[in-house]
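Here is the structure we will look at, set down as structure tokens.
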Amino acid sequence: MVDRPLLSQRSALIFLLALLAGGAASGLTAVAGEGAARSLLAGLAATGLAVPFFNHLIATEDSAVQPRNTVGASGIEEKSNG
């Protein structure tokens, strides 16, 4: 038996947020008076676009923004000024 989960927590969170965004888009489209088919298509489109958005938004630890190295920054400024 495999003891590891099928999806990582990050992947599960991305898919959950995408499904919530798609459900909200579908619900708002239905409330706006569109038909069920258009509401479903709007929800599916929003879900499809939300996956890469949340994937980029929730960065992995390897690609997280690192603080800039401030050592030697004054030397770079002096060279560029003169």
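The values are calculated or read from the model by the stated rules, or taken from the named source; none is laboratory data. Note that the structure is a prediction, hence the values are computed from the model and not measured. Virtual Cβ from ideal backbone geometry, glycine too; neighbours counted across all protein chains shown. Note: areas computed on protein heavy atoms with side chains; ligands, DNA, RNA excluded. Shrake-Rupley method; radii C 1.70, N 1.55, O 1.52, S 1.80 Å.
Filter region 3-16 down to the residues that are without any contact (Cβ under 8 Å) to a residue 40 or more places away in the chain and either farther than 14 Å from Val51 by Cβ or in a helix (DSSP H, G or I) (or both) and list them by number.
Passing the criteria: Asp3, Arg4, Pro5, Leu6, Ser8, Gln9, Ser11, Ala12, Phe15, Leu16.
Pairs please, first residue from region 21-32 and within 20 Å of Phe54 (Cα to Cα), second anywhere and open to solvent by 40 Å² or more (accessible area, probe 1.4 Å), Cβ atoms under 7 Å, 6+ apart in sequence or on different chains.
Filtered contacts from region 21-32: Gly22/Leu44; Ser26/Leu40.
Taking region 40-55, which residues are exposed (fewer than 14 other Cβ atoms within 10 Å of the Cβ) and either basic (Lys, Arg) or touching a helix residue (DSSP H, G or I) at 6+ places or on another chain (Cβ under 7 Å) (or both)?
Answer for region 40-55, where residues must be exposed (fewer than 14 other Cβ atoms within 10 Å of the Cβ) and either basic (Lys, Arg) or touching a helix residue (DSSP H, G or I) at 6+ places or on another chain (Cβ under 7 Å) (or both): just Leu44.
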